[in-house]
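Novice: Next up is a structure, given as structure tokens.
Read-outs: derived from the displayed coordinates by stated rules, not from any lab. Note that the coordinates shown come from a computational prediction; the quantities given were computed from them, not determined experimentally. Glycine gets a Cβ as well: all are built from the backbone with ideal geometry, and neighbour counts include every protein chain shown.
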Amino acid sequence: MTSLRPHPARRSGQFAVAAGLALAAACGGSKEQTKVGQATEDSPRAAVNNDPIQSENTGSAIIERIDVNNDQKPDVFKHYSLVDDAPDAKGNKVQKKVLIRKEIDVNFDQKIDIVEYYKGASGKEIKEREEFDLDFDGRVDEIRKYEDGTLKEVNLDLGFDGRMDTWMFYQMTQNEEGKPVNRLIERRRDTNADGAIDVWEYYVKGQLHKIGTDSNGDGTPDQFTRVDAKK
């Protein structure tokens, strides 16, 4: 039977458009996000305050639920831990909230499509990991890993079969003008879906330079082809 599932590239493109719309409204600093759902003079929500649609404080954590598209259903969930801070001038207990996770429903179907993980002190949180469901089937198809807020690795399931088959690695370097740039330096692929990497691609200054293949199945590249970028 012929599959009616969209081509992976098309699905990724559709996801990117939807994600852009949702993230434009949902991402950014915590102060900005508390304004989502704010009423305007012509809005039927004239009596709504500037807080998120829902905010739940358990005493040790806070969950903010934000309605991005004004359908009275939360689309973004921000999870905070509460940490003790120095008492105020009157000796009262003070707590700061630290963002640890953000969950986003990109296509507004009440299912989470993006999960972002954060670490760091209050107000200085940095992203350390992202997980994406690109085709909205409930499975993670892309994972992005960060170090000190900089993208270092991307894992992809381009076959959309529940198994990662592509691994991309990035490194901070300098461009021709001496400015810092984060560039792809290596991509590894499992081309036959057997769970083992069999192709290695090496990049220089962002351009494909050499391809290695595993011809004997020992898990390491043993044949190399140099790619001449000057054709």
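Novice: What percent do you get for the relative contact order of region 163-226 when only Cα pairs under 8 Å and 6+ apart count?
Specialist: Dividing the mean separation by the residue count of region 163-226 yields 22 percent.
Novice: Select from region 171-231 those GluC sites (Glu not before Pro) which occupy a DSSP coil region and have at most 14 other Cβ atoms within 10 Å, ordered by residue number.
Specialist: Those that pass, being in a loop and sparsely packed, are Glu176, Glu177.
Novice: Lys93: which aspartates and glutamates have alpha carbons under 12 Å from its alpha carbon, excluding same-chain residues fewer than 8 sequence positions away?
Specialist: Within reach: Asp84, Asp85.
Novice: Using θ = phi - 60° and the Karplus curve 6.51 cos²θ - 1.76 cosθ + 1.60, what whole-Hz ³J(HN,Hα) does each residue of region 72-84 get, with Gly and Pro shown as x?
Specialist: 6, 10, x, 10, 10, 10, 10, 10, 10, 9, 9, 10, 6
Novice: For a quick protection proxy, order the peptides 143-149, 70-76, 191-197 by their average other-Cβ count within 10 Å, most packed first.
Specialist: Numbers: 143-149: 14.9, 70-76: 16.7, 191-197: 11.7.
For the peptides 143-149, 70-76, 191-197, the packing ranking is 70-76, 143-149, 191-197.
Novice: Convert each backbone phi in region 188-194 into a coupling constant with the Karplus relation 6.51 cos²θ - 1.76 cosθ + 1.60 (shift: θ = phi - 60°), then list the ³J(HN,Hα) values in order as whole Hz, x for Gly and Pro.
Specialist: In residue order, the calculated couplings are 10, 9, 9, 7, 10, 6, 9 Hz.
Novice: Report the equivalent ellipsoid semi-axes for region 113-220 in whole Å, largest first, defined as the square roots of five times the eigenvalues of the gyration tensor built from alpha carbon atoms.
Specialist: Numbers: eigenvalues 135, 101, 21 Å².
Over the Cα atoms of region 113-220, the semi-axes work out to 26, 22, 10 Å.
Novice: Highest mean first, how do 94-103, 217-226 rank when packing is the count of other Cβ atoms within 10 Å averaged over residues?
Specialist: The densest-packed peptide leads the list: 94-103, 217-226.
Novice: Moving on to the next point. Is there a pair in Lys145/Lys210; Lys102/Lys127; Lys152/Lys179; Lys102/Lys145; Lys78/Lys127; Lys73/Lys145 whose C-alpha atoms are over 20 Å apart, and which pairs would that be?
Specialist: Over 20 Å apart, Cα to Cα: Lys145/Lys210; Lys73/Lys145.
Novice: Give the shape of region 128-170 as rounded, prolate or oblate, defined through the alpha-carbon gyration tensor: a ≥ b ≥ c are the square roots of its eigenvalues, a/c under 1.5 means rounded, and otherwise the shape is prolate if a/b is larger than b/c and oblate if not.
Specialist: It is oblate, given that a/c is not under 1.5 and a/b is not larger than b/c.
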